[in-house]
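Below: the structure, in structure tokens.
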Amino acid sequence: MAYPIIIIGSGFAALQTVKMLRRTGCTESIELFTAGNGCEYSKPDLSHVFSKDQWPEELASSTARELEEEHGIKVHSNTYVQNINHEAHTIKANDQFYTYSKLVIATGASTFVPPIKGIDESIVATLNSLEEFKANKPKIDEADHVSVIGGGLIGVELALDLAKVGKKVTIIEPSSHLLSSLIPDFVAAELQKSLSEFDIKVLTNSLVEKALSNGNGTMLFTNQDVGVYSDIVLSAAGVRPNISLATESGIATNQGIIVNEEMKTSAPDVFAIGDCAEISGRVLAFLQPAVMSASVIANQIGGGSSTLRLPNMLVKVKTPEYPIQLAGNSVQGAAKWTADIQVGGMLVKSYDKEDKLTGFICTGEQASQAFPMLRELNTATN
């Protein structure tokens, strides 16, 4: 009896795997297990749903049934996978056992919500999935004052989106500046200046230590003794890979589920992909690595010898009034920067101690330099 390929998850990485398998001619049965309803949607669209006045139903591009028909798969919606027995090649889901020939773990990641003493959890929201958007949209719509915990990529994009619909937004960021893992402080200063034009307040070097609530709302208090009035607290403090299923089954994990260049885990016939996978010591929560990883997995399942080779990835910050595009490493390990600063934007290049180009950042009107710079960076790092 031929057993199916089983995929746990229904997000972008899971569906890319399905598409790549079919695109490469795989005719084996594929079964997808998801705790959600199994619909397809674009997660990056969640960063601008409020300014576009979108509803959860509008974001779904395909239902589970439509995916089944299009790709010839079976989708187990609203089905919770309880454990993996990689020795027996089985999973247990909703108290039933299913045998697989190959298993792909695409369980994604969950938003980290920092503990806040005294907080009323009903005013804390996350927007890391369509389900979370559907659950939290009503109370976000009703809020006037929004505190965004985290000034990274998602936090900045969500703050701007909410400010555009008239919310009074405060970003509370523990680092010294916004996007601290992606850009240096002098670039972040211009971004913060742009956000201030939408009356977005930014508190850096700040952690929320406690909250006091009454019938009129909630006051957050930071380690800098600053009080921030909030109707709702939106956590964008990073994500944590969902690795418990793998860990409990004895599959090697660290920050994420550890995979090699073939996307294989420590267990035979088990792969991992997307926000839950750790590749060369890094968890890469971006779309391009998921697309390339899916191609490798499809090739491997088909009997090929493909391996993952990640190029420099172009990252776009969705802040239209002050666009930012970057690639490579412009912060960690950078020994120096050169900057072409003009009225409409800047082009920043980062170099290591050997004077080798390691990354770049294009902002404002200079964002048009991103693709030529990406070619230059790939030449320098190959």
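Values quoted throughout were computed directly from the atomic coordinates according to the rules given, and no laboratory measurement underlies them. Just so we're clear, the structure is a prediction, and the values are computed from it rather than from any experiment. Every residue, glycine among them, receives a Cβ derived from its backbone with ideal geometry; neighbour counts consider all protein chains shown.
Quick notes
- Here is the list for the stretch 1-98: trypsin sites (Lys or Arg not before Pro) lying in DSSP coil, each with at most 16 other C-beta atoms within 10 angstrom of its C-beta, are Lys52.
- Here the convex hull built on the C-alpha positions of the stretch 113-235 has a volume of 100 cubic angstrom per residue.
- Dividing the summed -39500 (n - 2.57) terms of all DSSP H runs of n ≥ 4 by the residue count of the chain sets its mean residue ellipticity at 222 nm at -7000 deg cm²/dmol.
- Efficiency of FRET from Cβ geometry, Asn136 and Glu58, R₀ 22 Å, rounded to 0.05: 0.85
- Taking every DSSP bridge with both residues inside the chain, close to 60 percent are antiparallel.
- The mean of 1/r over all pairs of different alpha-carbon atoms in the chain, once inverted, gives a Kirkwood hydrodynamic radius of 22.3 Å.
- Restricting the calculation to Cα atoms, the stretch 291-382 yields a radius of gyration followed by a Dmax of 16.0, 54 Å.
- Gain on full extension, evaluated as 0.36 nm per residue between Met313 and Glu121 minus their Cα-Cα distance, stands at 65.5 nm.
- Here is what passes the span test in the chain: the DSSP H helices with alpha carbon length of 15 Å or more along the helix axis and a Kyte-Doolittle mean of 0.0 or above are 12-23, 153-163, 185-196, 287-301, 370-381.
- Residue order for Ile105, Ile30, Ile8, fewest other beta carbons within 10 angstrom first, comes to Ile30, Ile8, Ile105.
- Listed pairs Lys43/Lys117; Lys19/Lys318; Lys117/Lys201 exceeding 29 Å between Cα atoms: Lys43/Lys117
- Loop chymotrypsin sites (Phe, Trp or Tyr not before Pro), the stretch 125-216, which have at most 12 other Cβ atoms in a 10 Å radius of their Cβ (DSSP): none
- Computing FRET efficiency as 1/(1 + (r/R0)^6) for Glu248 and Phe112, where r is the C-beta to C-beta distance and R0 is 22 Å, gives about 0.60.
- R0 of 45 Å, Cβ-Cβ distance Gln342-Asn83: FRET efficiency to nearest 0.05: 0.20
- Paramagnetic reach from Lys210 (point 7 Å along Cα→Cβ, amide N under 11 Å) across the stretch 163-194: none
- Over the chain, relative contact order from alpha-carbon pairs under 8 Å, at least 6 apart, %: 15
- Gained length - Lys164 relative to Arg23, 0.36 nm times residue gap less alpha-carbon distance: 46.7 nm
- Counting only the Cα atoms, the stretch 137-184 fills a convex hull of 70 Å³ per residue.
- For the stretch 204-320, the Cα-based Rg and Dmax, in that order, read 20.3, 63 Å.
- Within the stretch 31-98, GluC sites (Glu not before Pro) in DSSP loop having at most 14 other beta-carbon neighbours inside 10 Å: Glu87
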